[in-house]
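Trainee: Below you will find the structure I want to go over with you.
The values are calculated or read from the model by the stated rules, or taken from the named source; none is laboratory data. These figures come from a predicted structure and were not determined experimentally. Don't worry about glycine lacking a Cβ; one is built from the backbone with ideal geometry, like all the others, and counts go over all protein chains shown. Side chains included, ligands, DNA and RNA excluded: accessible areas come from the protein's heavy atoms. Shrake-Rupley method; radii C 1.70, N 1.55, O 1.52, S 1.80 Å.
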Amino acid sequence: MNAIFVTSTPMSKPSALGLILVISGPSGVGKDTVWQTASACLPSFERAITCTTRERRPHEVEGVNYHFVSSDEFERMIRDDELIEYAQVHGNFYGVPQKSVLDRINNGLDVVCVIDVQGALRIRGLFPAAVLVFIKPPQGRENQVLEERIQGRSAVEASELETRLKTASWELSQVQLYDYQIENDDLQRAANELCEVIEREKARRMED
Ligand code: ADP
Ligand code: 5GP
């Protein structure tokens, strides 16, 4: 089970604030890919670049996929209260910098956080107006598809694959806590659904 800690005080959201979109779901389900595909129709959103102590994968770029930091630097950020929440996921630390979210929403700008399930639930506690979207693997083929996608993305040790799949089964059991569920079978269809969800949420907020 992942450990998670919250370092901020709860906030409620007057309508002048930007919208926080949280995308989560199991490792390898396609959260990043769906977000990247959908981002063309969601130009008002910027992704919060989170911090991690995990090693950079070959295709990843510092400051684009993550801020890759040492354990010492991560501990310093915790001490200096620079993270909205942080979690230990699959043996590494991950955290959302306060600045990446607060600077945007306080200026009426939208932000998306692509984070794990416990992180998503903590964000919901801190920002009740956040929109939580769960990306699901295709029904009936969950494990097989996750395994294929995790292995297809980059080389992964058997033990790490096992840990990620084990965590996935717990994460999938939390899906009912989300505002929206999107099945990522066909990528473009999943991205279109995400765009529709945001359009609907924006329209609803205009009416409030
Ligand atoms: P996550 O962010 O959830 O860990 P990624 O976005 O890194 O997952 O996707 C994992 C792998 O699955 C990537 O290689 C990506 O290209 C692939 N992928 C994502 N969505 C689909 C899809 N709908 N069909 C086939 N492959 C996909
Ligand atoms: P990966 O190692 O596959 O990039 O990420 C592992 C998991 O950590 C994914 O579910 C990812 O969304 C999540 N994650 C990334 N950044 C954060 C963060 O700042 N906080 C939390 N709670 N989870 C994160």
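Trainee: Can you say whether Glu162 is closer than 24 Å to Asn65 by Cβ, of a type in the set (Asp, Glu), surrounded by fewer than 18 Cβ atoms within 10 Å (Cβ to Cβ) and over 19 Å from the mean Cα position of the chain (by Cα), as far as the supplied structure shows? If you could, list the steps in order and put the result at the bottom.
Mentor: Working: closer than 24 Å to Asn65 by Cβ: yes; of a type in the set (Asp, Glu): yes; surrounded by fewer than 18 Cβ atoms within 10 Å (Cβ to Cβ): yes; over 19 Å from the mean Cα position of the chain (by Cα): yes.
Here the answer is yes, as Glu162 does meet what is asked.
Trainee: Quick check on the range 101-120. Is at least one of its residues within 15 Å of ligand 2 (Cβ to nearest atom), at pLDDT below 95 and polar (S, T, N, Q)?
Mentor: Yes, there is a match, as at least one residue in the range 101-120 is within 15 Å of ligand 2 (Cβ to nearest atom), at pLDDT below 95 and polar (S, T, N, Q).
Trainee: If you check every pair at least six apart or on different chains, which have Cβ atoms under 6 Å apart with a residue in the range 101-117 that is under 11 Å from Glu46 (Cα atoms) first and a residue that is hydroxyl-bearing (Ser, Thr, Tyr) and more than 10 Å from ligand 2 (Cβ to nearest atom) second?
Mentor: What qualifies is Asp110/Ser44.
Trainee: Can you find, within the range 23-33, the residue that is nearest to Ala191 (Cα to Cα) among those that are part of a loop (DSSP other than H, G, I, E, B) and more than 8 Å from ligand 2 (Cβ to nearest atom)?
Mentor: Restricting attention to the range 23-33, the residues satisfying the condition of being part of a loop (DSSP other than H, G, I, E, B) are 25-30.
Still in the list and also more than 8 Å from ligand 2 (Cβ to nearest atom): 29-30.
Details: Val29: 13, Gly30: 10 Å.
The selected residue is Gly30.
Trainee: Look through Val175, Val101, Val131 and report the one residue that is among the β-branched types (Val, Ile, Thr) and open to solvent by 20 Å² or more (accessible area, probe 1.4 Å). Spell out the reasoning first.
Mentor: Details: Val101 fails: open to solvent by 20 Å² or more (accessible area, probe 1.4 Å); Val131 fails: open to solvent by 20 Å² or more (accessible area, probe 1.4 Å).
Going through Val175, Val101, Val131 in turn, just one is among the β-branched types (Val, Ile, Thr) and open to solvent by 20 Å² or more (accessible area, probe 1.4 Å): Val175.
Trainee: Also: Working only within the range 34-88, note down all residues that are in contact with a Gly (Cβ under 8 Å, 6 or more places away or on another chain), of a type in the set (S, T, N, Q) and in a helix (DSSP H, G or I).
Mentor: Of everything in the range 34-88, nothing turns out to be in contact with a Gly (Cβ under 8 Å, 6 or more places away or on another chain), of a type in the set (S, T, N, Q) and in a helix (DSSP H, G or I).
Trainee: Further, regarding this structure: Which residue pairs have Cβ atoms closer than 6 Å, lie 6 or more positions apart in sequence or on different chains, and pair a first residue in the range 13-30 that is under 16 Å from Glu148 (Cβ atoms) and hydroxyl-bearing (Ser, Thr, Tyr) with a second residue that is at pLDDT below 95 and within 16 Å of ligand 1 (Cβ to nearest atom)?
Mentor: Ser27/Arg164
Trainee: Which residues, counting only those in the range 104-124, are over 22 Å from Lys202 (Cα atoms) and open to solvent by less than 10 Å² (accessible area, probe 1.4 Å)?
Mentor: Val117, Gly119
Trainee: Still on this structure: Filter the range 118-128 for residues that are under 20 Å from Ser27 (Cβ atoms) and either free of Cβ contacts under 8 Å to residues at least 60 places away in the same chain or charged (D, E, K, R) (or both) and give the result.
Mentor: Initial filter on the range 118-128 (under 20 Å from Ser27 (Cβ atoms)): 118-123.
Residues satisfying the conditions are Leu121, Arg122.
Trainee: Considering only residues that are within 10 Å of ligand 2 (Cβ to nearest atom) and open to solvent by 50 Å² or more (accessible area, probe 1.4 Å), which ones fall in the range 36-55?
Mentor: Within the range 36-55, just Glu55 meets the criteria.
Trainee: Between Gly152, Gly108, which is more than 15 Å from Gly25 (Cβ to Cβ), more than 13 Å from the chain's Cα centre (by Cα) and either aliphatic (A, V, I, L, M) or more than 11 Å from ligand 1 (Cβ to nearest atom) (or both)?
Mentor: Working: Gly152 fails: either aliphatic (A, V, I, L, M) or more than 11 Å from ligand 1 (Cβ to nearest atom) (or both).
From the options Gly152, Gly108, the qualifying one is Gly108.
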